Amino acid sequence: MTTKILQIATLGEEEDPIYVGIREYPVSKLFLLHEPEERFRAAEVARKLNELRIPVERVELKSPARDMYEVIATIVKEEKHKYDDIFINVTSGRKLMTCSAISAAFVNGLKAFHVEGDTPMMLPILKFSYKEVISPSKLNVLRRLDRLGGVVNSLNEFSESSGTEKSLLSYHLRGGRDSKGLEELGLVEIDRRTQGRLQIKLTEMGRLLLIGQEET
């Protein structure tokens, strides 16, 4: 049985690493991520790959730092059930795009590789995703916060709106001796406001983490 592999590749001034990646890791489909200035180059690469009967979907990133995480999380959510594996080729593209792609691979638990000459090298991405270190209960707290607009102005407000006891919410937010809280994981920010009230705010990473998560 043929293994179906989805590849995601960044595109910059170099095209060859993309072809090397496809040669070494045969693909069923390729998502080509590029910045606006590489729009015509991306179209040409897509044309060449289409001639090889490789379906290509181009995705333009206006800002790699801002858009990369959301784009990859969305691709994973929509495509993961169709393929046996997903690889990210982070070689081409500017440094910021490469760094963002590596980080997105870590968050989503994907295999990433870099091409040196004619040789691809797998990067030491952890075999588990960021999502796997967060319990279902903590994910539910993030979902409830997101449904409330991403920010609440007190723990009481959060408790009443979510139907969760304050002590349990505090544990998930702050953590304990046996578990890191959502604040320490960088998924929420907590600020002490007037009269000792705690403002709880969903961070950008927390929001992006939810994109690829199925409801439970």
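The Cα center of the stretch 1-25 and the Cα center of the stretch 75-91 differ in position by 12 Å.
Can you tell me what share of the DSSP beta bridges in the chain is antiparallel? A percent to the nearest 5 is fine. Before the final figure, lay out each step's value.
Working: 13 of 31 bridges.
Here the antiparallel bridges make up roughly 40 percent for the chain.
Once C-alpha pairs closer than 8 Å and six or more residues apart are averaged by separation and normalised to the residue number of the stretch 66-216, the relative contact order reads 21 percent.
Considering only Ala105, Ala73, Ala43, the Gaussian network model of the chain with Cα springs below 10 Å gives its largest mean-square fluctuation to Ala43. In this structure the amide hydrogen of Gly181, modeled in the peptide plane, comes within under 5 Å of the amide hydrogens of Gly175, Gly176, none closer than 5 places in sequence on its chain.
Along the chain, the exposed loop sites are trypsin sites (Lys or Arg not before Pro) outside DSSP states H, G, I, E and B with at most 16 other Cβ atoms within 10 Å, and the longest stretch free of them is 128-176.
For the chain, the 222 nm mean residue ellipticity estimated from helices alone, with every DSSP H stretch of n ≥ 4 adding -39500 (n - 2.57) and the total spread over all residues, rounds to -12500 deg cm²/dmol. Scalar couplings 3J(HN,Hα) for the stretch 187-193, obtained by applying the Karplus form with A = 6.51, B = -1.76, C = 1.60 to θ = phi - 60°, are 9, 9, 10, 10, 10, 7, 9 Hz; x denotes Gly and Pro. For the chain, the fraction of C-alpha pairs farther apart than 26 angstrom is 43 percent. Taking amide H as placed 1.01 Å from N in the peptide plane, the amide H of Ile88 sits under 5 Å from that of Ile8, Lys111, Ala112, Phe113, each at least 5 places away or on another chain.
Between the amide H of Ser154 and those of Ile200, distances stay under 5 Å, these residues lying 5 or more places away or on another chain, with hydrogens modeled in the peptide plane.
Here the contact order of the stretch 134-211, divided by its residue count and restricted to Cα pairs under 8 Å and six or more residues apart, works out to 32 percent.
Across the chain, the longest run free of exposed loop sites, meaning GluC sites (Glu not before Pro) lying outside DSSP classes H, G, I, E and B with no more than 10 other Cβ atoms within 10 Å, spans 14-164.
Note that the stretch 136-152 has calculated 3J(HN,Hα) couplings of x, 5, 5, 4, 5, 5, 4, 4, 5, 5, 5, 5, 8, x, x, 8, 10 Hz, one per residue in order, obtained from phi through the Karplus relation 6.51 cos²θ - 1.76 cosθ + 1.60 (θ = phi - 60°); glycine and proline are x. In order along the stretch 63-69, the phi-based Karplus estimate (6.51 cos²θ - 1.76 cosθ + 1.60, θ = phi - 60°) of 3J(HN,Hα) comes to 9, x, 5, 8, 8, 4, 4 Hz; Gly and Pro are listed as x. Stretching the chain fully between Val151 and Lys62 yields a gain of 29.4 nm (0.36 nm per residue, less the alpha carbon separation). Applying a threshold of 25 Å to the alpha-carbon distances of Lys4/Lys48; Lys95/Lys180; Lys48/Lys77; Lys77/Lys111; Lys82/Lys111; Lys29/Lys138 flags Lys95/Lys180; Lys48/Lys77; Lys29/Lys138 as lying beyond it.
No value in this document is a laboratory result; all are computed from the given coordinates. Because the structure is a prediction, the values reported are computed rather than measured. Note: ideal-geometry Cβ built from the backbone for every residue, glycine included; neighbour counts use all protein chains shown.
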